[in-house]
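Written below as structure tokens is the structure these notes are about.
The values are calculated or read from the model by the stated rules, or taken from the named source; none is laboratory data. Since the structure is predicted, the reported quantities are computational estimates derived from the model, not experimental observations. Cβ placement follows ideal geometry from the backbone for every residue including glycine, while neighbour counts extend to all protein chains displayed. Only protein heavy atoms, including side chains, enter the accessible area calculation; ligands, DNA and RNA are left aside. Shrake-Rupley method; radii C 1.70, N 1.55, O 1.52, S 1.80 Å.
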Amino acid sequence: MKYQAVIGLEVHLQLKTKTKAFCGCAIDFGKPPNSGCCPVCLGLPGTLPVYNKEALNSAIKVALALGCKIQEHTKFDRKNYFYPDLPKNYQISQFDLPLSKQGFLDIIAEGKSKRIGITRVHLEEDAGKLIHEACVSLVDFNRTGIPLLEIVSEPDLFSPQEAFDYLTSLKSIIEYLDVSDCDMEKGSLRCDANISLRLQGAKELGVKTELKNMNSFKGVKDALVFEI
């Protein structure tokens with residue numbers, strides 16, 4: 001029996017703005033820990049978040065470049081989970097009414113053009129950063145609240161090489177638009193990969209495995225090869 005890999009990618013992109021998504025804290029990589037946060041991005045009682053217009057404009061640029069349909073009405077939701085790097089115990093994200101959906105990205109796969117569907121491009125905020133040392137884990141909230149864009153592909157990728165080519169093409173578009181520095185060493189661009197196997201020719205998807213928070217394209221490719 002021959003099996004086929006089916007891959008979908010979720011790319012998390014930090015937008016290049018002067019301030020965070022819902023507050024006026026300046027974004028400056030390399031600040032001393034916890035020196036770049038305020039009551040709003042820490043979610044303290046009584047604070048009122050207001051969205052960053054520059055981040056919204058950048059998000060719309062990316063969505064249009066990927067052929068997505070911009071929605072006339074959109075909203076934010078609370079994605080609740082309890083983790084040390086999330087001071088509010090929820091992430092502000094989008095669920096049922098995202099910024100945009102139904103786009104595409106054309107890549108060159110094995111010498112031929114192939115169209116990869118884009119399910120949605122939506123807005124959210126980044127979490128903090130955990131630093132693990134010998135006996136303790138420390139948390140830095142400076143990254144909390146940085147405007148984040150999530151770009152979700154359809155499960156249209158059938159090999160680790162296609163996933164690599166998709167990410168390379170997507171990064172080149174984002175760099176051209178100048179909406180993010182795409183610096184993967186700083187965490188500006190991170191990727192989750194969903195992969196399953198099915199019999200060759202089958203239509204239904206297999207059992208999915210999700211690979212989280214990879215910060216290099218080679219790492220994504222190697223991880224997918226390992227899972228297959």
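Asp77 is checked against (1) of a type in the set (D, E, K, R); (2) at pLDDT 95 or above; (3) more than 19 Å from Leu9 (Cβ to Cβ); (4) open to solvent by 70 Å² or more (accessible area, probe 1.4 Å) and fails just one. What number does that condition carry?
(4)
Going through segment 160-186 one residue at a time, which ones are touching a strand residue (DSSP E or B) at 6+ places or on another chain (Cβ under 6 Å) and among the small types (Gly, Ala, Ser)?
Ala163, Ser169, Ser180 - these are the residues of segment 160-186 that are touching a strand residue (DSSP E or B) at 6+ places or on another chain (Cβ under 6 Å) and among the small types (Gly, Ala, Ser).
If you take the residues in segment 153-188 that are among the aliphatic types (A, V, I, L, M) and at pLDDT 95 or above, which one is nearest to Ala223 (Cα to Cα)?
Only one residue tops the list, namely Ala163.
Please indicate, with yes or no, whether at least one residue in segment 209-216 is in contact (Cβ under 8 Å) with a residue 60 or more places away in the chain and open to solvent by less than 30 Å² (accessible area, probe 1.4 Å).
no
Search segment 99-113 for residues being within 19 Å of Glu10 (Cβ to Cβ) and not hydrophobic (A, V, I, L, M, F, W, C), and hand back the single one that is most open to solvent (accessible area, probe 1.4 Å).
Gln102
Give Leu224, Leu205, Leu197, Leu189 a once-over and let me know the one that is surrounded by fewer than 15 Cβ atoms within 10 Å (Cβ to Cβ) and touching a residue at least 24 places away in the same chain (Cβ under 8 Å).
Details: Leu224 fails: surrounded by fewer than 15 Cβ atoms within 10 Å (Cβ to Cβ); Leu197 fails: surrounded by fewer than 15 Cβ atoms within 10 Å (Cβ to Cβ); Leu189 fails: surrounded by fewer than 15 Cβ atoms within 10 Å (Cβ to Cβ).
Answer to the check: Leu205.
Out of segment 37-54, which residues are open to solvent by less than 40 Å² (accessible area, probe 1.4 Å) and more than 18 Å from Glu124 (Cβ to Cβ)?
If the condition is that a residue be open to solvent by less than 40 Å² (accessible area, probe 1.4 Å) and more than 18 Å from Glu124 (Cβ to Cβ), then Cys38 is the only one that fits.
Just give me the residues in segment 155-165 being open to solvent by 30 Å² or more (accessible area, probe 1.4 Å) and among the acidic types (Asp, Glu), in sequence order.
Asp156, Asp165
Taking Ala65 and the conditions (1) at pLDDT 95 or above; (2) of a type outside the set (D, E, K, R); (3) under 30 Å from Phe226 (Cβ atoms), which numbered condition does it fall short on, given that it satisfies the others?
(3) is the only condition that Ala65 fails.
Can you find even one residue in segment 135-154 that is part of a loop (DSSP other than H, G, I, E, B), on the phi > 0 side of the Ramachandran plot and crowded, with 21+ Cβ neighbours inside 10 Å?
Among the residues of segment 135-154, at least one is part of a loop (DSSP other than H, G, I, E, B), on the phi > 0 side of the Ramachandran plot and crowded, with 21+ Cβ neighbours inside 10 Å, which makes the answer yes.
Considering only strands (runs of 3 or more DSSP E) fully contained in segment 1-103, which possess at least 1 residues that are without any contact (Cβ under 8 Å) to a residue 60 or more places away in the chain, in contact with a Gly (Cβ under 9 Å, 6 or more places away or on another chain) and not small (Gly, Ala, Ser)?
Result: 90-93.
Could you list all residues from segment 19-40 that are within 19 Å of the chain's Cα centre (by Cα) and more than 30 Å from Asn194 (Cα to Cα)?
Thr19, Ile27
As an exercise: evaluate Ser180 against (1) surrounded by fewer than 18 Cβ atoms within 10 Å (Cβ to Cβ); (2) part of a loop (DSSP other than H, G, I, E, B) and give the number of the one condition it does not meet.
It is condition (1) that Ser180 fails.
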